[in-house]
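Below: one structure, written as structure tokens.
The values are calculated or read from the model by the stated rules, or taken from the named source; none is laboratory data. Just so it is clear, the model here is predicted, and its values are computed rather than measured. Note: ideal-geometry Cβ built from the backbone for every residue, glycine included; neighbour counts use all protein chains shown. Each accessible area value is taken on the protein alone, full model and side chains, heavy atoms only, with ligands, DNA and RNA left out. Shrake-Rupley method; radii C 1.70, N 1.55, O 1.52, S 1.80 Å.
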Amino acid sequence: MRKGKIGFTKIVNDIPLNYKFIVIYIVGVLLPIVVMNVLFMDRMSGLIREREEQNLEISLERARKDIHDFIEGGVAVSHALNTDKTLYEMLDRIYKDPPDFYAAFDEQLRHRVSSYIPVNNQISRIDIFTENPTIVPGSNYHILNQEVRESEWYRMWGKSDASVMVAAYREKQADNRTLTSPYLSVIENMDYYNYYRTFDKLLRIDIDLSLIYDVLARERDYLNLFLVNENNEVIMSTEDGYPRDAAESAGYPKLAADLGDRQSIGHYEVAIGTAKYVKGWRLIGVPQGNRVTKAMLDMRLYVGFLAAAITLITSVFIYVMLRSYNYRVKRLSRHMQKVTNEKFDLIRMDEGRDEIGGLIQNFNIMTSRINSLINNVYKLEIQKKSLEMERVRAELNFLQSQMNPHFLFNTLNAILVVCTKNQYEDVTDIIKSLSKLLRRLLSWQEDLVPVEEEMRFIEMYLKIEKFRFRDKFEFQCEIDEEALRYKIPKMSIQPLVENACKHGIQAVEGRGLIRIRAFVADGRLRVVISDNGIGIEAGRLRELILSVRNENASGSSIGIRNVYRRLELYYDDQVRFDISSRPEEGTTVSFDIPIKLLEHQNEDRRDIDGV
């Protein structure tokens, strides 16, 4: 995860400043403006559609209610006349002659029907038809004769089984029988009173079609409306209105199925009412496509203009701000590049008072100080560094030379005794090992050697020690193949092995065992030296650990401290050094170093015999 973050940061840091500003402008300004405007337009489009749908539904419902009220008004007048007992009595009465009827007409019938029309302006005419032959036809009263029975509205009435019906039909004009006119009528059978059924009576109330058309035309800004009857026939529409003469009546009425093309963009439909006489009557509305389109276009133009204005203003503002930043940073970068070429020129410009200006001021101060101190402080610093390096080098040489010489004297003494006893016949191998060991100690060409070479040296050393102590101890070396070629400081393991022989095994009764392991685990090279000697008391172990970590300490732990000190000089605080011990169980000394800090030996290794 950390590597990924570092990689991303490096990519960002590698982008040139001009491109960074372009990316900042695109991502930080243009992209938010575009996204916000797209989301705003999408939201506004939805709101406009919802608003227009509500307007269309309101428009359709308003027209439906008005048309329903017109029809209901006619039905109400029809019911009022159908329950008029006096009207029934006058229509069933047998008149002696026309004067007798005229007298009854003037007294009871003249205004009994026509008085409803002024109050209900949607009614254009009210007609009553009866089979009473003594009535003189005229005004609102007619004889129910054969001509009437052959009319379109009467045939429609005859096919219906309802007492009240609403019918749309065409009828011949009274003044010109060759022409027909459209009608929308409420027809009701007058059979309310059983006592007055001497003659059949029928009531027809004509609705003013112009008022219904005005209702449809009123909503033309929202919908093209079509009034459709129960037979799926278009009675009236906003576009075509209703035919008024023979030429316009060709093909009338139109079927609602012909609305298919007009409804291709979707339509709204609502029933006129729930009463039986208007069952199947409905109002169909086809939206005016240009209304929604115009609203959407206006919204898009407004949003586009607003986005363009915001983009222009922000672009000019960001250009002015970033140009100031970019220009000064480039000047500073060029002068810093000159500093790398040992040209300490001052930046002469109006640097400003912001952070960049402060940086330029500090750069000028720094350049001036460098010019004044270059011949003094820099040279003194170089001398100081050289002395420090010499001190470290001398310390390393001092540590490398602090090998305990006692084992050499003891070994030579043992060789002398053996040679005396055995007349110099059994000491060939030990003399060879000692010769190689001394040669390696005297030729300190490289301080870093492979683990493989170090282990060969340890084996020679242990053979000599085993020669000294005979059967006093055994040793085991377990070195992983992967660890062999990593380089470590020379003599990093031998002092620890020597301590195991001298302080661990030598003082124990019985046979001792020294075990040396080197392996790679968790990205670190780990070296472990353990013995089964007398071990160390807890208090003494704490003192030993403190002595090892103290640079000024002295005593018997100098070999371990030298190893720890050299490892610390090479690898700082990255090395782990540990000592663990239990009395009568033995001691374990270990250290591990990160693999990434170690060098690796090339394939062309040199054998220690050639050292």
Checklist entry - Could you say whether any residue in region 96-104 is at pLDDT below 90 and of a type in the set (Gly, Ala, Ser)? => result yes
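Could you list, in sequence order, all residues of region 281-318 that are of a type outside the set (A, V, I, L, M), at pLDDT 75 or above and surrounded by 12 or more Cβ atoms within 10 Å (Cβ to Cβ)?
Residues of region 281-318 of a type outside the set (A, V, I, L, M): 281-282, 285, 287-291, 293-294, 298, 300, 302, 304-305, 311, 314-315, 317.
Keeping just the survivors that are at pLDDT 75 or above gives 281-282, 285, 287, 298, 300, 302, 304-305, 311, 314-315, 317.
Passing the criteria: Trp281, Arg282, Gly285, Pro287, Arg300, Tyr302, Gly304, Thr311, Thr314, Ser315.
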Checklist entry - Which of the residues spanning region 17-49 are open to solvent by 80 Å² or more (accessible area, probe 1.4 Å) and over 22 Å from Met321 (Cβ atoms)? => result Val38, Leu39, Phe40, Asp42, Arg43, Arg49
Checklist entry - Can you tell me which residue in region 461-493 is nearest to the chain's Cα centre (by Cα), limited to those that are open to solvent by 20 Å² or more (accessible area, probe 1.4 Å) and at pLDDT below 85? => result Lys463
Checklist entry - Which ones in region 473-507 are closer than 20 Å to Gly523 by Cβ and in contact with a helix residue (DSSP H, G or I) (Cβ under 8 Å, 6 or more places away or on another chain)? => result Ile479, Ala483, Leu484, Arg485, Tyr486, Lys487, Ile488, Pro489, Ser492
Checklist entry - Which number in (1) under 60 Å from the mean Cα position of the chain (by Cα); (2) charged (D, E, K, R); (3) within 16 Å of Ile205 (Cα to Cα); (4) at pLDDT below 90 marks the one condition that Arg112 misses? => result (1)
Checklist entry - Within region 192-229, which residues are open to solvent by less than 80 Å² (accessible area, probe 1.4 Å), under 22 Å from Ile123 (Cβ atoms) and of a type in the set (D, E, K, R)? => result Lys201, Arg204, Asp206, Asp208
Checklist entry - Does Leu496 count as modelled with pLDDT under 90 and either hydrophobic (A, V, I, L, M, F, W, C) or open to solvent by less than 50 Å² (accessible area, probe 1.4 Å) (or both)? => result yes
Next on the checklist: Being in contact with a Ser or Thr (Cβ under 6 Å, 6 or more places away or on another chain), of a type in the set (D, E, K, R), farther than 24 Å from Thr238 by Cα and modelled with pLDDT under 90 is true for just one of Lys172, Lys159. Which residue is that?
Outcome noted: Lys172
Checklist entry - Within region 50-63, can one find any residue that is closer than 30 Å to Thr311 by Cα, part of a helix (DSSP H, G or I) and open to solvent by 40 Å² or more (accessible area, probe 1.4 Å)? => result yes
Checklist entry - So which residues in region 72-89 are in contact with a Phe, Trp or Tyr (Cβ under 8 Å, 6 or more places away or on another chain) and open to solvent by less than 50 Å² (accessible area, probe 1.4 Å), if there are any at all? => result Val75, Val77, Ala80, Leu81, Asn82, Tyr88
Checklist outcome for this item: Within region 499-538, residues open to solvent by 30 Å² or more (accessible area, probe 1.4 Å), farther than 16 Å from Lys463 by Cα and under 60 Å from the mean Cα position of the chain (by Cα) come out as Arg517, Phe519, Val520, Ala521, Asp522, Gly523, Arg524, Arg526
